[in-house]
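This report concerns only the one structure given below.
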Amino acid sequence: MDILGTRIDVTTYSQACDLVAEWIGQGQGGYVVAANVHVVMTGVWRSPFQRVVNGAQLVTSDGMPLVWGLRLLGFPHAERVYGPDLMLALCHRAQEKGWRVFLYGSEPPVLERLQRNLRQRFPTLQFAGAYAPPFRALTPEEEASDRQRILDSRADLVFISLGCPKQEEWMARQSPFLPVVLVGVGAAFNFHSGTVAQAPRWMMAIGLEWLFRLLQEPRRLWQRYLMNNPAFVVLFAGQLLRHWLGRRQTKRVP
């Protein structure tokens, strides 16, 4: 389904894992985007970024507002496929299948804690490697070196935690050269390493995760949430109105 020009795939954790398994089994590369309101609104403001997201092999509904949007647009059984939880579901599948997992992003101390925590949760999970690139923009030579690092590791699955829009743009640039599945997981490295607290599940269920994160990091996130969220509500209301009017007109056609 299309929400404000961004493709959102109606799927589940199990279906997403099955698709990744199929791609890995075929030796097929590609990238997965976990889309929330920030991703959608970045696409509204920047059409090249929207094309990056729409070029992914899978775009999941990471945020509850998108789930509600899908339901209002005619998919009553749409459910959330949240990036950090998708990462855990794929780690579980990787442990079962013997896939080699590479972690790319964040900072070295976070990667160390993350690997330790994942090993406790998934004792036989195979780590192909981990690397934290510099926060600045990478040169073409550095990107080529990172691609080679991943290729040399013989990874099957790469989790990327660089933040939006950086991680989606990175995946789109690297995907043509990497026969592996790339999955953007946003803040999952910080959450699963214990570096940053996740919102309580009840807040996630009612769509207030953004408020929890805003209270944690107001300086970094205030603009994202206090500008993007109201703009999303207004623009989506217009899309929903056009959708409903279109359905009424279709019903009137004899």
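At-a-glance table
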quantity	calculated
Label assignment, Cα Rg over 2.2 N^0.38 Å derived from the structure, set [x] 1.03; [y] 1.17; [z] 0.94	[x]
Most fluctuating residue given options V158, V32, V233, as computed from a GNM of the chain linking Cα atoms under 10 Å	V233
Residue-averaged [θ]222 nm for the chain, counting only DSSP H segments that reach four residues, each worth -39500 (n - 2.57)	-18000 deg cm²/dmol
Full-stretch length increase - L241, E141 - with 0.36 nm per residue and alpha-carbon distance subtracted	31.2 nm
I206 accessible area, assembled protein chains, probe 1.4 Å, Å²	90 Å²
Area of R136 that stays accessible when all protein chains are in place (1.4 Å probe, Å², to 10)	120 Å²
Exposure rank, largest accessible area first [S145, S161; 1.4 Å]	S145, S161
Net dipole in debye of segment 1-151 [+1 Lys, Arg Cβ; -1 Asp, Glu Cβ; about Cα centre; nearest 20]	200 debye
Residue among Q115, Q223, Q174 with the largest mean-square fluctuation in a Gaussian network model of the chain, springs linking Cα atoms under 10 Å	Q223
Highest-MSF residue in the chain out of A35, A155, A137 [GNM, Cα springs under 10 Å]	A137
Listed residues Q26, M171, Y225: farthest to the positive end of the dipole of the chain (Cβ charges)	Y225
Check: the chain dipole with +1 on Lys, Arg Cβ and -1 on Asp, Glu Cβ, in debye	740 debye
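The values are calculated or read from the model by the stated rules, or taken from the named source; none is laboratory data. This structure is a prediction, so every number in the text was calculated from the model and none was measured. Heads up, the Cβs are rebuilt from the backbone with ideal geometry, glycines too, and the neighbour counts pull from every protein chain shown. When the accessible area is computed, the model is the full protein with side chains, heavy atoms only, and any ligands, DNA or RNA have been set aside. Shrake-Rupley method; radii C 1.70, N 1.55, O 1.52, S 1.80 Å.
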